[in-house]
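The structure under discussion appears below in the form of structure tokens.
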Amino acid sequence: MVPLVYALYGHPEAGGFWEKHCEGKLLKAGFSRVKGRRSCFYHKKLKCFLVVYVDDFKMAGPEENLPEAWKLLRSGIETDDPQPATKYLGCSQTVSTVKRNGQEVRQVEYDMSDFFKSCVKAYLDL
């Protein structure tokens with residue numbers, strides 16, 4: 001018998017160990033917890049909002065601050081380079097700019113039709 005040093009995929013406590021590790025690294029990097037919103041963090045100085053779901057990280061904030069926020073996050077957590085959001089939690093995303101009340105704003109459309117089609121196919125196959 002040896003002490004557990006790293007949680008392994010499939011271990012009943014792996015998710016909890018990862019969550020604790022990840023949260024500790026984010027707090028050390030200057031992010032703070034969002035009260036009442038588990039797995040949501042905010043960096044006050046950079047005005048960046050971060051959502052963590054297992055190993056998916058989604059961050060929003062002023063465009064000029066995002067590189068620094070990602071750098072801080074990656075100082076303690078090894079990740080791939082940030083990519084434009086195209087899919088999150090199985091949901092396809094399309095980012096566009098539209099006019100609302102005479103002002104240009106960015107909007108994100110979420111499309112789950114591929115997921116729903118796979119559900120119907122699985123049902124029909126059964």
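The values are calculated or read from the model by the stated rules, or taken from the named source; none is laboratory data. Quick caveat: nothing in here was measured; it's all calculated off a predicted structure. Because the Cβ atoms are built from the backbone with ideal geometry, glycine has one as well, and the counts that use them run over all protein chains shown. Calculation scope for accessible area: heavy atoms of the full protein, side chains included, ligands and nucleic acids excluded. Shrake-Rupley method; radii C 1.70, N 1.55, O 1.52, S 1.80 Å.
General remarks:
- Estimated distance in nm for a label pair at Lys20 and Lys44, the labels positioned 7 Å out from Cα along Cα-to-Cβ: 2.7 nm
- Here the Karplus curve 6.51 cos²θ - 1.76 cosθ + 1.60, taken at θ = phi - 60°, turns the phi angles of region 69-82 into couplings of 5, 5, 4, 4, 4, 7, 6, x, 10, 6, 9, 6, 4, x Hz, with x standing for Gly and Pro.
- Applying the Karplus relation 6.51 cos²θ - 1.76 cosθ + 1.60 with θ = phi - 60° to region 36-42 yields 3J(HN,Hα) values of x, 10, 4, 6, 10, 9, 9 Hz, where x marks Gly and Pro.
- Three-way shape call for region 55-124 based on the alpha-carbon gyration tensor, with the a/c threshold at 1.5: oblate
- On the principal axes of its alpha carbon atoms, the chain extends 63, 53, 29 Å, with the longest extent given first.
- Share of carbon and sulfur in the accessible heavy-atom surface of region 32-126 [1.4 Å probe, %]: 53 percent
- Charged-residue dipole, Cβ positions (Lys, Arg, Asp, Glu), region 36-126 about Cα centre, Debye nearest 20: 460 debye
- The chain, helix-only ellipticity at 222 nm - DSSP H runs n ≥ 4, -39,500 (n - 2.57), divided by all residues, nearest 500: -9000 deg cm²/dmol
- Alpha-carbon Debye profile of region 13-64, log10 I(q)/I(0) at 0.16 Å⁻¹: -0.44
- Derived scalar couplings ³J(HN,Hα) [region 49-56; Karplus, 6.51 cos²θ - 1.76 cosθ + 1.60; whole Hz; x for Gly, Pro]: 9, 10, 10, 10, 10, 6, 10, 9
- Sequence-distant residues sharing a close amide H with Leu46 (under 5 Å, placed H): none
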